[in-house]
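A short write-up of the structure that comes next.
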Amino acid sequence: MDPGSAHRRVGDRGVSSIQFVLAAALALVLFLALANLVVVQYGRGAVRSALEQGARAGSFSGVSGCEATAGQVIADLLGGRMSDGLVLTCGNDDGAVVATASVTFESWTPLTPDFEFHLSSAAVIEP
């Protein structure tokens, strides 16, 4: 029997493929978490824009104009599953129209929590 052939059979061939699969899986999870963070920041900006435009419209046309405008902006910018966790309200407060939103964006990765935040915007009621 050739002693060189036994040495070749017991080597560490194939170990690098397992390491590559583990590293690639970790990189994919990190990329997915980063992409989720970027989408959440876009959603936060869309909600902020909807609140500002709703409050501005409500300063002229009242609470109903605020809710209609903010709802339309949300429908245009977010749509789909991102707007499922959104609660938008408008109201009057000391001569101003205040638009508020409570938002929950679901996380895409199983180990990270959902993203929750509250935003508000106000505009003085115009005569």
Quick check: residue separation of Tyr42 and Phe60 times 0.36 nm, minus the Cα distance between them. What number comes out in nm? 3.7 nm
Expressed as a whole number of Å, what is the distance separating the alpha-carbon centroids of the range 24-51 and the range 54-127? 19 Å
Using Cα atoms only, what is the angle between the long axis of helix 63-77 and the major principal axis of the chain, expressed in degrees (0 to 90) to the nearest 10? 30 degrees
Once the Cβ-Cβ distance between Thr89 and Phe31 is put in as r, and R0 is 30 Å, what FRET efficiency do you end up with, to the nearest 0.05? 0.25
Can you tell me the 0 to 90 degree angle between the C-alpha axis of helix 15-61 and the longest principal axis of the chain, rounded to 10? 0 degrees
One finds, for Leu22 and Ile125 with R0 = 41 angstrom and r their Cβ-Cβ distance, a FRET efficiency to the nearest 0.05 of 0.10
Which residues qualify? For Ile125, with a placed amide H closer than 5 Å and at least 5 residues away or on another chain, they are Ala96, Val97
Given unit charges at Cβ for Lys, Arg (+) and Asp, Glu (-), the dipole magnitude of the chain about its Cα centre in debye, nearest 20, is 720 debye
Summed over the other residues with a beta carbon less than 12 angstrom from that of Ala70, with K and R at +1 and D and E at -1, the charge totals -1
So for the pair Gln72, Ser107, with labels modelled 7 Å out along Cα→Cβ, what separation do we get in nm? 3.7 nm
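Read-outs throughout are calculated quantities, based only on the coordinates presented, and are distinct from any laboratory measurement. Since the model is a prediction, treat every value here as computed from it, not as a measurement. Don't worry about glycine lacking a Cβ; one is built from the backbone with ideal geometry, like all the others, and counts go over all protein chains shown.
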